[in-house]
Each structure stands twice: as C-alpha cells, then as structure tokens.
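Participant: One structure, pasted below without further comment.
The values are calculated or read from the model by the stated rules, or taken from the named source; none is laboratory data. This structure is a prediction, so every number in the text was calculated from the model and none was measured. Heads up, the Cβs are rebuilt from the backbone with ideal geometry, glycines too, and the neighbour counts pull from every protein chain shown. These area figures cover heavy atoms from the full protein model, side chains too; ligands, DNA and RNA do not enter into them. Shrake-Rupley method; radii C 1.70, N 1.55, O 1.52, S 1.80 Å.
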Amino acid sequence: MMRTVGFLINPVAGMGGAVGLKGTDGQVAEAIRLGAVAHACDRAVQALSLLKNDDTAWYTCAAPMGGDVLLGAGIDRFTVLYHPSLPTSAADTKAACRAFLDAGADLIVFCGGDGTARDVFDAVGRSVPVLGIPAGVKMYSAVFAVNPAAAADLIRQAGRIACRDSEVMDVDEEAYRSGRLAARLYGYACVPYIPERTQGGKQVFEQQDEERAKDDIAAFIGEIMIPDTLYIIGAGSTTARILERLGLTPTLLGVDAVRNGEVVARDVDERTLLALLDTYPRAKIVVSPIGAQGFVLGRGNQQISPDVLRKAGLRNLIVVATPGKLAATPLLYVDSGDPSLDRELGSSLQVVSGYRIAQKKRVVHPE
C-alpha cells in the first residue's frame, strides 16, 4: 500500500543562527540585514533527495513552503493542498497541516526548528506521527531526526517502526536572546523512532556535583590555555564557567572570543569569527554538547560554521562536558551542515570531563 506523506518547510528557519541572533522568530528582517543566508531548503533537499525513487504519495504546499523543495529533490509527482500567504507565517503551517490531515496523510514531515514544531503540534496533536528535518537554531524538542540523512531513513521506515512520545518544547525566544534559557514542556508528539536516528530532548543538569565538575573543567582549560591564541568559547553553562574562571562575563547562550585572558569579541556571529581568524590564525574552539541530546555542533552554535571549523582546524576543537551530562549522553552527534566535515571528525571524540580527566565518547554519523 502506498504511503502518503505531508511535507512543509519553514523557509526562514535557522537564519538567525550563523549571525548570532539565537533564533529567527520575529527576527527575519534583522537576520537578512546581518547577511544571513537561508539554509532550510538545502537541508530539506538533502533529506528528500534520498527518497525520490520511493513509492510515496506526497502532499505539500505551494512554493516557498514545499513544492520547490520537492522539485529540487527530484520529486516531481506531488499534490499541492495549500497555498500559503507571503511572507509565510505560523498560521500557514497550521492550515497546511490541517489540509494534510483532511487528505489522510500517514505522516507529516516538516523542516524547521522548535517554533515550527510547536505550530505543527498545535494543528496535529497526536492524531498522526510527525517528524522534523532539523533546520532551526536550537531544536531542543525531541521530534527531530539527528540530521537530514537520518530523517530520510525515518521517513522511509515510518509505518514499519515504532513511534515514541517525544517532547515538544516551548522556548522563550526573548529570554534566550538575553542569555536566559526558559523552556517548558509544550506537549508530546508521536514520532517515528530509531535509536541514533531520532534526537533526544534537552536536559539541564544543576546538581551540586555538576557544579564542582564545571569548576574542575574550567581550572584545567584555564591551565592549558596557550598565550597569543584565540579561544572561541561556545554556548552553555560548562563553557561559561571557563570565562568566569578568567574573571570574564560570559554570553551564556552565545559564542565569545578571548585571547590572552581578555575578551576580543562578545556574542559573535559567523562573519566576526571568520574575520577574527584572519587576524589571529592560531585558534582553539571550545564547545560542550547539549545535555542528553549529545550534539557537539549544529544545535545552538551555528556561528561555529563549517567555514569557521575548517579555518581554525578540526584538530583544534576541544569538547568539554561534566560526568553527569556524559552519563546521560551515551552518544555524540555532529550536524554542522557539511556532512563531509562531520565525517572528518571521526568515530570518537575525547571529552574533557574534569581536571586532567577525559572520556572517549562515540560519535554517530547517520547516513
């Protein structure tokens, strides 16, 4: 029996990431002003092009919310059920999902971030399985595949694999932009699940032992910092403790650059990082995986882009995480937007987890 899949895309999802806006909701014009480039369509085409020869009936929206992506993926047989307004809005996402439901879609696939996930859930609830192709800035919800290739595999096997209840998170965008993570559970969606293909939800670790471990990590990183070297410090409370150890004020949910114990640039975007690397070619990048999800790159730190990583050198990537976070994070993932670069990172990474202590963690590359 032929499956029917409804597909839509938020064409501006993720545009705020590389330019340091920490989100795109209500910030599209500012993102464009800062030179942001839309990548959501590329992410969707990566996934759907792997399905162009499958026996699937596709429902979608008129361009730019779906039809152009399917054509770009080599899929020319689809039915347009909804014509969005321009520019597109959350109301269009919800209306499109209702149209897919009315047409009897077996699965609804969307490309976007947490905001798109909430809009889809508002329209669909638990009435039909949903799956996200990750293209947003943060993606703390557990409704996303770990990367576009994994999304294609999940779509192909949907209906033959089990679904799980997966968290849809409501992240306060304004609080996030001001450096405060305020997230609440929005609901549980039904999502096709394969281990190492479907991402987990964000967890926050605040136990006393975790705080002591952050201090130990910060002490060690501070000890091994090399003079006249640019340190690009990624988002998170563990990396923030490194700057606090140096007597500096961190951007908790942004990316900072320091050199010789002083802040060179605060809350930077991709363009600024590339310019800094021209000035200071000797550099290290320090990041921490998102708790429980395990993403080292590609979630909440898109400023550290493939171009930035290549310019700094992959050998100069330092990953830090507390033992508690690592215990709840059995696997690591990278989803930088450049699959070939992701593979260059190899099958494992050393993660600094204390003072002169490191753990070797497996890195998964779903293909």
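Participant: Count, please, the residues in segment 248-278 that happen to be farther than 22 Å from residue 354 by Cβ, of a type outside the set (Val, Ile, Thr) and either free of Cβ contacts under 8 Å to residues at least 24 places away in the same chain or not in a helix (DSSP H, G or I) (or both).
Facilitator: Within segment 248-278, residues that are farther than 22 Å from residue 354 by Cβ, of a type outside the set (Val, Ile, Thr) and either free of Cβ contacts under 8 Å to residues at least 24 places away in the same chain or not in a helix (DSSP H, G or I) (or both) number 14.
Participant: Turning to a different aspect of this structure: Here is a check on your reading of the model: is residue 349 assigned to a helix (DSSP H, G or I), within 21 Å of residue 146 (Cβ to Cβ) and in contact (Cβ under 8 Å) with a residue 24 or more places away in the chain?
Facilitator: Details: assigned to a helix (DSSP H, G or I): no; within 21 Å of residue 146 (Cβ to Cβ): yes; in contact (Cβ under 8 Å) with a residue 24 or more places away in the chain: yes.
It is false that residue 349 is assigned to a helix (DSSP H, G or I), within 21 Å of residue 146 (Cβ to Cβ) and in contact (Cβ under 8 Å) with a residue 24 or more places away in the chain.
Participant: Can you name the strands (runs of 3 or more DSSP E) wholly within segment 288-343 that have at least 3 residues being under 20 Å from residue 269 (Cβ atoms) and within 12 Å of the chain's Cα centre (by Cα)? Talk me through it step by step, then tell me what you get.
Facilitator: Numbers: elements: 295-297, 317-320, 332-334.
Of the strands (runs of 3 or more DSSP E) lying wholly inside segment 288-343, those with at least 3 residues that are under 20 Å from residue 269 (Cβ atoms) and within 12 Å of the chain's Cα centre (by Cα) span 295-297.
Participant: Yes or no: residue 305 crowded, with 21+ Cβ neighbours inside 10 Å and touching a Lys or Arg at 6+ places or on another chain (Cβ under 9 Å)?
Facilitator: Values: crowded, with 21+ Cβ neighbours inside 10 Å: yes; touching a Lys or Arg at 6+ places or on another chain (Cβ under 9 Å): no.
No: the conditions fail for residue 305.
Participant: Ok, one more. Only residues that are touching an Asp or Glu at 6+ places or on another chain (Cβ under 7 Å) and over 24 Å from residue 197 (Cβ atoms): list them for segment 308-353, please.
Facilitator: 308, 314, 322, 324
Participant: Kindly provide the set of residues from segment 279-290 that are open to solvent by less than 50 Å² (accessible area, probe 1.4 Å) and either more than 16 Å from residue 222 (Cα to Cα) or free of Cβ contacts under 8 Å to residues at least 24 places away in the same chain (or both), ordered by number.
Facilitator: Result: 289, 290.
Participant: Any chance you could count how many residues in segment 204-256 are closer than 19 Å to residue 294 by Cβ, of a type in the set (Gly, Ala, Ser) and modelled with pLDDT under 95?
Facilitator: Qualifying residue count, segment 204-256: 4.
Participant: Output the qualifying pairs, or none if there are none: Cβ atoms under 6 angstrom, residues six or more apart or on different chains, first residue in segment 48-60 and more than 13 Å from residue 73 (Cα to Cα), second residue open to solvent by less than 40 Å² (accessible area, probe 1.4 Å) and assigned to a strand (DSSP E or B).
Facilitator: 56/5; 57/4; 59/6; 60/7
Participant: Here's another thing I want to ask about it. Assuming residue 122 fulfils every condition listed in (1) in contact (Cβ under 8 Å) with a residue 60 or more places away in the chain; (2) over 15 Å from residue 46 (Cβ atoms) apart from one, which condition is it?
Facilitator: The failed condition is (1).
Participant: Same structure again: Sort out for me the helices (runs of 4 or more DSSP H) sitting completely within segment 50-140 that have 3 or more residues that are crowded, with 24+ Cβ neighbours inside 10 Å and either within 22 Å of the chain's Cα centre (by Cα) or modelled with pLDDT of 95 or more (or both).
Facilitator: Numbers: elements: 67-72, 90-102, 114-124.
Those helices (runs of 4 or more DSSP H) span 90-102, 114-124.
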